[in-house]
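Please read the structure below before turning to the comments.
The values are calculated or read from the model by the stated rules, or taken from the named source; none is laboratory data. Worth saying up front: this structure is predicted, and the values here are computed from it rather than measured. Here the Cβ is made from the backbone with ideal geometry for all residues, glycine too, and neighbour counts use every protein chain on show.
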Amino acid sequence: MNGCWPTFADLAAAPLDAVKAVTDPLGYHVRGTWLHRIAEIVTDERNGQLPNTLEGLLALPGIGRYTAGAVLSFALQQDAPIVDTNVDRLVSRLFNLRVARPPAALRGKRLWALAAALIPPDHGYLFNQALMDFGAQICTPYKPICLFCPLRPHCQWWNPPARRWRDLLYGSCLTDIHLKC
Ligand code: SF4
């Protein structure tokens, strides 16, 4: 997008169809419309400046907590949490957030609070990347590599009493882990 419309004003002035011609092939077709609307708002109401706070970003169309976190962390280099499915799984296991089956809203609140609290000051960008990669490569959905996981001593999902929940949910996966590794 940078090459086509390097500024918010350029993007706002572009025909919506031209924007969607770029974004629609990426999937999730409403994305182009939101992007165009955001460019209009930022241009007309914010002097061309994207908000740099969570609240400001969440007020824009199509921006939820995840996207706001990604903008704050990756684009603006702030120590803001990002919870994607990989981070959700990793943090939920580490702190055993699912064990008492809390309401989704409460679990989500704890999840985001923990993801924020874990960030080492001034290292949010790298830490968030590492957390996502760790969840994708080590703490995987079905065969997490627990035996070789450096977080194992701290992991409530691995250690009793959470371990019995793990075995109930996934079976005794030790054999699978040995085979995998
Ligand atoms: S010990 Fe297993 S469940 Fe816990 S963080 Fe490591 S890979 Fe994930």
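Just to be sure before I move on: is Val83 under 20 Å from Trp157 (Cβ atoms), within 14 Å of the ligand (Cβ to nearest atom) and either among the hydrophobic types (A, V, I, L, M, F, W, C) or not assigned by TED's automatic domain parsing to the domain that holds Asn159 (or both) in the structure I sent? For Val83, the condition - under 20 Å from Trp157 (Cβ atoms), within 14 Å of the ligand (Cβ to nearest atom) and either among the hydrophobic types (A, V, I, L, M, F, W, C) or not assigned by TED's automatic domain parsing to the domain that holds Asn159 (or both) - is not met.
Mind checking which residues of the stretch 70-106 are among the small types (Gly, Ala, Ser) and in contact with a helix residue (DSSP H, G or I) (Cβ under 8 Å, 6 or more places away or on another chain)? Passing the criteria: Ser73, Ala80, Ser92.
Within the stretch 10-28, the set of residues being closer than 27 Å to Ala80 by Cα and more than 20 Å from the chain's Cα centre (by Cα) comprises Leu11, Thr23. Within the stretch 86-124, being within 14 Å of the ligand (Cβ to nearest atom) and of a type outside the set (A, V, I, L, M, F, W, C) holds for Asn86, Asp88, Arg89, Ser92, Arg93, Asn96, Arg98. Looking only at residues of the stretch 107-159 that are of a type in the set (Lys, Arg) and in contact with a Leu (Cβ under 7 Å, 6 or more places away or on another chain), we find that the one that is farthest from Gly69 (Cα to Cα) is Arg107.
In the set (1) in the same structural domain as Asn128 (by TED's automatic domain parsing); (2) surrounded by 13 or more Cβ atoms within 10 Å (Cβ to Cβ), Arg101 fails one condition alone, (2). Hey, which of the helices (runs of 4 or more DSSP H) in the stretch 1-115, taking only ones fully inside, have at least 2 residues that are out of contact with any Phe, Trp or Tyr (no Cβ under 8 Å at 6 or more places or on another chain) and in contact (Cβ under 8 Å) with a residue 40 or more places away in the chain? Ranges flagged: 85-94. Considering only residues that are surrounded by fewer than 15 Cβ atoms within 10 Å (Cβ to Cβ) and among the hydroxyl-bearing types (Ser, Thr, Tyr), look in the stretch 1-57 and name the one that is farthest from Gln78 (Cα to Cα). Looking at the filtered set, the residue picked out is Tyr28.
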